[in-house]
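A.B. asks: One structure coming up, written as structure tokens, with questions to follow.
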Amino acid sequence: MSGRGKELGKGKRTFHRQVHRDHIQGITKPAIRRLARRGGVKRISGLIYEMTREVLKVFLEDVIRDAIIYTEHAKRKTMTAFDVVYALKRQGRTLYGFGG
């Protein structure tokens, strides 16, 4: 056994394809509708979905940027739930139930 894993050296080599796509579109229309329903909204205008995606993207960029700062300061490569909790707390949005 060479210890090189299952797939290496066994014929055709596969490559990872880069998918160039706006990932914010993964937040689907039904997902936004469910969040609105949870917030008590009965009817939703068709223009709301794209606006919601834009606002969500800005919010996530801010939270993830702060969480990355916490992760790098701790000299880790893996972001933990605590990093996200502390990033939210730094922005004045305390999240309960995840420690910290």
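A.B. asks: Are there any pairs, at least 6 apart or on different chains, whose C-beta atoms fall under 9 Å, with the first in the stretch 38-65 and acidic (Asp, Glu) and the second assigned to a helix (DSSP H, G or I) and loosely packed, with under 14 Cβ neighbours inside 10 Å, and if so, which?
C.D. replies: As it stands, the answer is GLU54/ILE24, since those pairs meet every condition given.
A.B. asks: Of all the residues that make up the stretch 35-75, how many are over 28 Å from ARG90 (Cβ atoms) and basic (Lys, Arg)? It would help to see each step written out before you state the result.
C.D. replies: In the first step, residues of the stretch 35-75 are kept if they are over 28 Å from ARG90 (Cβ atoms); the result is 37, 40-50.
Checking which are basic (Lys, Arg) leaves us with 37, 42-43.
Looking only at that region, the number is 3.
A.B. asks: Give me the pairs, please: first residue somewhere in the stretch 75-92 and acidic (Asp, Glu), second residue anywhere and buried (at least 16 other Cβ atoms within 10 Å of the Cβ), beta-carbon distance under 9 Å, and either six or more positions apart or on two chains.
C.D. replies: The qualifying pairs are ASP83/ASP66; ASP83/ALA67; ASP83/TYR70; ASP83/THR71.
A.B. asks: Of the residues that make up the stretch 53-61, is at least one surrounded by 12 or more Cβ atoms within 10 Å (Cβ to Cβ), acidic (Asp, Glu) and under 16 Å from the mean Cα position of the chain (by Cα)?
C.D. replies: First, the residues of the stretch 53-61 that are surrounded by 12 or more Cβ atoms within 10 Å (Cβ to Cβ): 53, 56-57, 59-60.
Okay, now just the ones that are also acidic (Asp, Glu), so none.
Looking through the stretch 53-61, none of the residues is surrounded by 12 or more Cβ atoms within 10 Å (Cβ to Cβ), acidic (Asp, Glu) and under 16 Å from the mean Cα position of the chain (by Cα).
A.B. asks: Any residue that is modelled with pLDDT of 95 or more, out of contact with any Asp or Glu (no Cβ under 9 Å at 6 or more places or on another chain) and of a type in the set (A, V, I, L, M) - is there at least one of those in the stretch 17-31?
C.D. replies: yes
A.B. asks: A further question on this structure: If you scan the stretch 36-52, which residues turn out to be part of a helix (DSSP H, G or I), β-branched (Val, Ile, Thr) and either exposed (fewer than 13 other Cβ atoms within 10 Å of the Cβ) or at positive phi (or both)? It would help to see each step written out before you state the result.
C.D. replies: So in the stretch 36-52, the residues part of a helix (DSSP H, G or I) come out as 36-38, 48-52.
Next cut, β-branched (Val, Ile, Thr) only: 48, 52.
Listed by number, the list is empty, since nothing qualifies.
A.B. asks: While we're looking at this one, here's another question. Does the stretch 62-78 hold any residues that are surrounded by fewer than 13 Cβ atoms within 10 Å (Cβ to Cβ) and of a type in the set (Val, Ile, Thr), and which are they?
C.D. replies: Within the stretch 62-78, just THR78 meets the criteria.
A.B. asks: Of the numbered conditions (1) more than 18 Å from the chain's Cα centre (by Cα); (2) among the small types (Gly, Ala, Ser); (3) not in a loop (DSSP other than H, G, I, E, B), ALA31 satisfies every one except a single condition; which is it?
C.D. replies: Single failed check for ALA31: (1).
The values are calculated or read from the model by the stated rules, or taken from the named source; none is laboratory data. Only a predicted model underlies this, so the values are computations on that prediction, with no experimental measurement involved. Methodologically, a virtual Cβ is constructed for each residue, glycine included, from the backbone with ideal geometry; neighbour enumeration extends over all protein chains shown.
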